[in-house]
Amino acid sequence: MQYGSCLKDSCNLQTTKEEYRKKRQEHIDEMLTTNLTRDQKDMIDEVLLELGLGQKRETELICRQGLKDCVWPLGNLGLLA
């Protein structure tokens with residue numbers, strides 16, 4: 001029974017996190033649409049775009065490094081041709 005309750009608690013925690021993210025995103029969207037001038041909105045859009053591009057590049061580098069880290073031991077074990 002305890003295992004089932006852990007799953008239930010985990011599910012409730014996940015739902016709570018999703019609800020928080022949704023409400024937070026709605027709040028941010030409202031702030032961006034009502035409290036900023038057009039120039040400020042454009043600047044925020046540029047910054048968010050750059051942050052997203054930077055995150056994408058970082059993710060690609062991490063994935064490449066992960067592949068290298070996986071291949072190295074396989075090569076040393078003679079499992080790669």
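The values are calculated or read from the model by the stated rules, or taken from the named source; none is laboratory data. What you see is a predicted model; the values in this text were computed from it and never measured. Cβ placement follows ideal geometry from the backbone for every residue including glycine, while neighbour counts extend to all protein chains displayed. In case anyone asks, the SASA skips ligands and DNA or RNA and just uses the protein heavy atoms, side chains included. Shrake-Rupley method; radii C 1.70, N 1.55, O 1.52, S 1.80 Å.
Listed values, structure above:
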item	result
Odd one out for Leu13, checked against (1) in a helix (DSSP H, G or I); (2) surrounded by fewer than 10 Cβ atoms within 10 Å (Cβ to Cβ)	(2)
Cβ pairs under 7 Å, 6+ apart, first in the range 37-55 and open to solvent by less than 80 Å² (accessible area, probe 1.4 Å), second at pLDDT below 90 and in a helix (DSSP H, G or I)	Lys41/Leu32; Ile44/Leu32
